[in-house]
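Student: Could you have a look at this structure, given as structure tokens, before my questions?
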């Protein structure tokens, strides 16, 4: 058993880290920090954890020393917290956006603020085992990627690794409301958000930079909020290189993900679930990826992925990275397969 | 054409008053007051009105004189506004809770504040034509009832008018999220409110007092937020008086509502919509009412109603009251029948 | 008053034609044909029409002679019905897909069946006043376009008319469940369809051919079912021709739709509803169109449209076409502006 | 490891049994019978199981011999299947309604058919460990109760066991769409069912008889379909016996469920989740129960429960019963706590 602390533990991502760690056979949740609810039970903001834990939130000052520290704190605040918190644990896994990009200028452009610790950016490994399993084995600074970025990266990687597509990619992301967090505002007011198809980003979304960095493509991303609480689907419009066939594509996906515990290739000819659908992934760490060539014989190819933004797009990915880091079986604590119907 | 002003015009009820008045052939919307958005176009917070009006919000100070003033201002604030605003119009129609109850003590108990103008309570007529059509014809102070109260009152009135039921009634209200207004908070955060069955009131709801006042029953009310933006359904559990039959009940409903333009008796033997269902009433001023006797021959009777809380449960009812007040055809500006499917 | 008959009147589109015609001041609904429910009241399958009409369905055989006939019958069946039914009315407005395409071979490719009356294809005018207002003025054979096609065409027309874009266009359509009609099947089972992001067409959708025919572009279309009953949004990914600026685009949209009663240009800098959103259009005949240039200065341009698939994407468009055909004010019977919140 | 077979394995309950057993450390799923999909992979109708199993459906004829047989077959069909299937396993757990009621006449009244094997009714133990843990330890014929009945029974049992309430109880059940199963029909068509508040049973629901049998009360039940796929909430309106206080009630709940692994008492003074809410229980085997006394000091008491109808209201309860039957830790394979937000 190792001892873990979670900072920012009252938010949606923090709560999901708690849920997964409380069910993890090799991790003890030793501390959950919340600046809003110090002293309160964690099952207040996370009512699904009732009966599972008696843990209460503590303050940052009450932290002592841990094997692993999960940061589920806001963008731009985390880079300021890190120097203070990092000494409290051997391994730090950051779920914010602050240490995902290796280039400080790109960070400034995307996050509208200068990076306060550009010197630390190079220390972080991307917390995505499918991309960086070997590096994660020895990593003590891990940055989990963004939810929509994770989906797009996993959809595109088989194609870019095998050199099958041209560099220009349109990434169309559809997302549930939980991605915007637990802070109430007009944008996530139920009466406004319910049943919407809200095109909230038409270009320049932050996750573009992560996709570019991971896949070496030139992505342009749109993002639409649709009716769901959890769930992200990315539809990437790509162009096959001259001479590449659908069979090449299928082979590349199969090969790339043959041994991956949490990526399923879903590209069937028929059935309601023949392509990746987020709703059957609620609570699960799976990312389903698939593809569809243009029936007319053009070089267009859709690369599609679906995941639960709080699990494989956040907390689950972080726990999977911990499992890799610790040399544990990768599925540990992440066995929930998702539900149907739901 | 008469000239109307709407105060509190940026909220959900205010917006619905605007929508209905802008489509009303005998009313000109001369002013829309919002303390939050003075100078801004009304189609900002009410995007459905784009192309329908170029009106901008003004401040209360900019008001001059109107034929009718609609108050869509908050509970407890309205009683303070009224003395200042009333002189600006011949007729005032209040949609807040402040002048619904005739008894100041009951108001204090239900709203947690002393009434500041108990002397004015007696001047108000209930803005529910089905109950008070004659009084409304000459009324210049009109208080539209609460959304859940309206539904329960219309479900119960045929029974209480005909003396068919015992006085103890359980009122079970189910409601969409728009009833809690346009102010964002944790309770109406999409991720929390979506798909919920939230029993937010188990007894003592304010609308109990309105039902008691209107129907002479002793209601106990529960209220549950279910997944919907608009829509209220009330299921009243009542006990038939000794000897009363289902045929008596059916006759009472038919008789009571035979000539009502906006109440439909819906109590069929089969079909998905055999009892009142709010979803087909979105945007409509109909209140559907129905009933179901216990098949086992007991004296239990369900009295059921459904409406759109922002229309027949608010703005539509207010406009219908205006139509009665002015001696106009009652359906004027309220012809939209609702949608199916939706 | 003219006399109208609706065939296929028990379906979702048929019901919407009935709703609109029953509220139309110059049309009398003289007959509603349903092969499933002959003799039954139309407010059975269309419960929103209770209290609005006492009409009952009749059979095709009972039809006599009308001024206008609306066909809301299935694809592939309508081309067989038409020769039999056309003599019963001066004007025929078809809402099926059978007479939308001018080219019989394209029809065969898209609908998987030979056209049985290719000779009649040339007689039909597209029932989209924004494209064909002048032709409609004298038209007696009118084919209303498909719901997703209508949205895409209205999004693209200002750009293609002004010659601003390259011919290759990706059309990404998102749609509610009512588009698949009133026939129950596994695909529209609530437990399966609810909350889904189902990519049901990845290329080759029928509506591609209508878009190509109307706009002269080469569209590739994807379609996703998202959680909604009504509502279509199309996001068209286009490429601006060399030298075209965002100001050119804005001017083209403004100019093209300056006098259109049912198209609103929605392309604002901020706000939850700054781009076209279907949910505020439920029940309304508006199509909102907008655009977004790529912030990075590339030549990419999104052209976006939203509508209610059963109204502007179907029945409303048909009634608007009738208004044009008859020389009536175009808004007649179509005044409902949509709701907010909803 | 024991060997299990599931009959009716392609339905929603059958799929949930498969999901739970596939994750159960002491059970091997040796056969899954489906008459509709023989030879097809189980992850076809149950796409959430992709990557979890390669199992294919077999026919009833292909069954050999198992330790336990789960019947997830339809009401009225199961009583005919049982004699044929029972010899194939030592232990049979039936999830249909056919062996829940001990009285054949009551069965006939509720299910509209004579029971074909009334002689077997007495052999069955109710598959609800909270009621029948001791009997289950030695049981080889187990009948899992209905989903709404389970909720109501768990809400009422602390009160009836302690003799705190009068026998007349109103049970108000609200339910998601998955309870009606995987067979498409007009009632569960997405466009009709979405956003509805459909009062589909006003009295005489079958589950009344189970509640009466288990709790010794006289229930009258109403049931409403609300927008959700999974989830049941029951609100029981009860009357406290003379002299019973809220403290007595609280003590009774605490005492009754102190050691129960899957029942949580949720009756707090504040918070969005202060009373049982089904949405945070998706996929979980918890049943949350709570209560609310009338603030006015009357003897009215609400007893409330929430659960996932396919888990604690079906498959989870069955697996928990198996755990008890086998003497295994009761939580085995049922550890998933539910999600928040969702």
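The values are calculated or read from the model by the stated rules, or taken from the named source; none is laboratory data. In this text the structure is predicted, and so the values were computed from the model without any measurement. Cβ coordinates were reconstructed from backbone atoms using ideal geometry, including for glycine residues, and neighbour counts include every protein chain displayed.
Student: Considering only segment C:206-231, state which residues are at the interface with chain A (Cβ under 9 Å from one of its Cβ atoms), within 19 Å of residue A:175 (Cα to Cα) and part of a strand (DSSP E or B). I'd like the intermediate steps shown before the answer.
Tutor: Initially, segment C:206-231 is screened for residues at the interface with chain A (Cβ under 9 Å from one of its Cβ atoms), giving C:220, C:222, C:224, C:226-229, C:231.
If we keep only those that are within 19 Å of residue A:175 (Cα to Cα) too, we end up with C:222, C:224, C:226-229, C:231.
Hits for segment C:206-231 are C:222, C:224.
Student: Which of the residues belonging to segment C:205-227 are closer than 24 Å to residue C:286 by Cβ and in contact with a helix residue (DSSP H, G or I) (Cβ under 7 Å, 6 or more places away or on another chain)?
Tutor: Residues satisfying the conditions are C:207, C:210, C:211, C:214, C:215, C:217, C:219, C:221, C:223, C:225.
Student: Mind telling me which of the residues D:150, D:116, D:125 ends up being without any contact (Cβ under 8 Å) to a residue 40 or more places away in the chain, away from every other protein chain (no Cβ under 14 Å), surrounded by 20 or more Cβ atoms within 10 Å (Cβ to Cβ) and more than 30 Å from residue B:289 (Cα to Cα)? Give the steps one after another, and end with the answer.
Tutor: Numbers: D:150 fails: without any contact (Cβ under 8 Å) to a residue 40 or more places away in the chain; D:116 fails: surrounded by 20 or more Cβ atoms within 10 Å (Cβ to Cβ).
When all the criteria are applied, what remains is D:125.
Student: Please state which one of D:152, D:139, D:191 is farther than 30 Å from residue C:47 by Cβ and assigned to a helix (DSSP H, G or I).
Tutor: D:152
Student: Could you tell me which of the residues A:53, A:91 is part of a loop (DSSP other than H, G, I, E, B) and surrounded by 16 or more Cβ atoms within 10 Å (Cβ to Cβ)?
Tutor: Checking each option against the conditions leaves just A:53.
Student: Is it true that some residue in segment B:61-75 is within 14 Å of chain C (Cβ to nearest Cβ), touching a residue at least 12 places away in the same chain (Cβ under 8 Å) and touching a helix residue (DSSP H, G or I) at 6+ places or on another chain (Cβ under 9 Å)? First the steps, then the outcome.
Tutor: Of segment B:61-75, the ones within 14 Å of chain C (Cβ to nearest Cβ) are none.
No, segment B:61-75 contains no residue that is within 14 Å of chain C (Cβ to nearest Cβ), touching a residue at least 12 places away in the same chain (Cβ under 8 Å) and touching a helix residue (DSSP H, G or I) at 6+ places or on another chain (Cβ under 9 Å).
Student: Give segment C:15-55 a look and list any residue that's touching a residue at least 60 places away in the same chain (Cβ under 8 Å) and either farther than 25 Å from residue C:284 by Cβ or touching a strand residue (DSSP E or B) at 6+ places or on another chain (Cβ under 6 Å) (or both), or say none.
Tutor: Across segment C:15-55, the qualifying residues are C:17, C:21, C:27.
Student: Tally time: how many residues in segment D:271-305 are under 26 Å from residue A:15 (Cα atoms) and either in a loop (DSSP other than H, G, I, E, B) or not assigned by TED's automatic domain parsing to the domain that holds residue D:155 (or both)?
Tutor: 12
Student: For segment A:159-187, give me the residue count where each residue is surrounded by fewer than 24 Cβ atoms within 10 Å (Cβ to Cβ), farther than 26 Å from residue A:293 by Cβ and in contact with a helix residue (DSSP H, G or I) (Cβ under 7 Å, 6 or more places away or on another chain).
Tutor: Count: 6.
Student: Identify, by number, the condition in (1) surrounded by fewer than 23 Cβ atoms within 10 Å (Cβ to Cβ); (2) within 18 Å of the chain's Cα centre (by Cα); (3) part of a helix (DSSP H, G or I) that residue B:83 doesn't meet.
Tutor: Every condition holds for residue B:83 apart from (2).
Student: Could you go through segment D:20-40 and let me know if any residue there is within 11 Å of chain A (Cβ to nearest Cβ) and over 17 Å from residue A:337 (Cβ atoms).
Tutor: yes
Student: Check segment C:240-257 and report whether any residue there is more than 10 Å from chain B (Cβ to nearest Cβ), assigned to a strand (DSSP E or B) and closer than 19 Å to residue C:317 by Cβ.
Tutor: If we filter segment C:240-257 for residues that are more than 10 Å from chain B (Cβ to nearest Cβ), which is where we start, we get C:240-257.
Then drop every residue that is not assigned to a strand (DSSP E or B), which leaves C:240.
Narrowing the set further to residues that are closer than 19 Å to residue C:317 by Cβ leaves none.
No, the conditions are met nowhere in segment C:240-257.
Student: Could you figure out which of (1) closer than 28 Å to residue A:112 by Cα; (2) at pLDDT 95 or above; (3) under 18 Å from the mean Cα position of the chain (by Cα) isn't true of residue A:187?
Tutor: Unmet for residue A:187, out of (1) closer than 28 Å to residue A:112 by Cα; (2) at pLDDT 95 or above; (3) under 18 Å from the mean Cα position of the chain (by Cα): (3).
Student: Shifting gears a bit: Any idea which residue in segment B:293-342 is surrounded by the fewest Cβ atoms within 10 Å (Cβ to Cβ), counting only those that are without any contact (Cβ under 8 Å) to a residue 40 or more places away in the chain and within 13 Å of chain D (Cβ to nearest Cβ)?
Tutor: Ranking the qualifying residues of segment B:293-342, first place goes to B:297.
Student: What is the one condition in (1) touching a residue at least 60 places away in the same chain (Cβ under 8 Å); (2) within 26 Å of residue A:199 (Cβ to Cβ); (3) surrounded by 20 or more Cβ atoms within 10 Å (Cβ to Cβ) that residue A:139 does not satisfy?
Tutor: Evaluating residue A:139 over (1) touching a residue at least 60 places away in the same chain (Cβ under 8 Å); (2) within 26 Å of residue A:199 (Cβ to Cβ); (3) surrounded by 20 or more Cβ atoms within 10 Å (Cβ to Cβ) leaves (2) as the failure.
Student: Looking for whichever is facing chain A (nearest Cβ under 10 Å), over 29 Å from residue D:177 (Cα atoms) and outside any strand (DSSP E or B) here; the options are C:203, C:196. Which one fits? So that I can check it myself, show each step before the final result.
Tutor: Working: C:196 fails: over 29 Å from residue D:177 (Cα atoms).
Being facing chain A (nearest Cβ under 10 Å), over 29 Å from residue D:177 (Cα atoms) and outside any strand (DSSP E or B) holds for just one of C:203, C:196, which is C:203.
Student: I need a count of the residues in segment A:153-184 that are at the interface with chain C (Cβ under 10 Å from one of its Cβ atoms) and more than 20 Å from the chain's Cα centre (by Cα). First the steps, then the outcome.
Tutor: Residues of segment A:153-184 that are at the interface with chain C (Cβ under 10 Å from one of its Cβ atoms), as a first pass: A:168, A:170, A:172, A:174-176.
Keeping just the survivors that are more than 20 Å from the chain's Cα centre (by Cα) gives A:168.
Final tally of qualifying residues: 1.
Student: Is it true that residue C:218 is without any contact (Cβ under 8 Å) to a residue 12 or more places away in the chain and more than 25 Å from residue C:330 (Cβ to Cβ)?
Tutor: Working: without any contact (Cβ under 8 Å) to a residue 12 or more places away in the chain: no; more than 25 Å from residue C:330 (Cβ to Cβ): yes.
Spelling it out, it is not the case that residue C:218 is without any contact (Cβ under 8 Å) to a residue 12 or more places away in the chain and more than 25 Å from residue C:330 (Cβ to Cβ).
Student: Output the residues belonging to segment A:56-80 that are outside any helix (DSSP H, G or I), surrounded by fewer than 19 Cβ atoms within 10 Å (Cβ to Cβ) and within 24 Å of the chain's Cα centre (by Cα).
Tutor: Result: A:67, A:74, A:75, A:76, A:77.
Student: When segment D:17-34 is examined, which residues are found to be in a loop (DSSP other than H, G, I, E, B) and either modelled with pLDDT under 95 or under 26 Å from residue D:324 (Cβ atoms) (or both)? Even if it seems obvious, please write down each step before you answer.
Tutor: We begin by selecting, within segment D:17-34, every residue in a loop (DSSP other than H, G, I, E, B); these are D:23-26, D:34.
Correct list: D:23, D:24, D:25, D:26.
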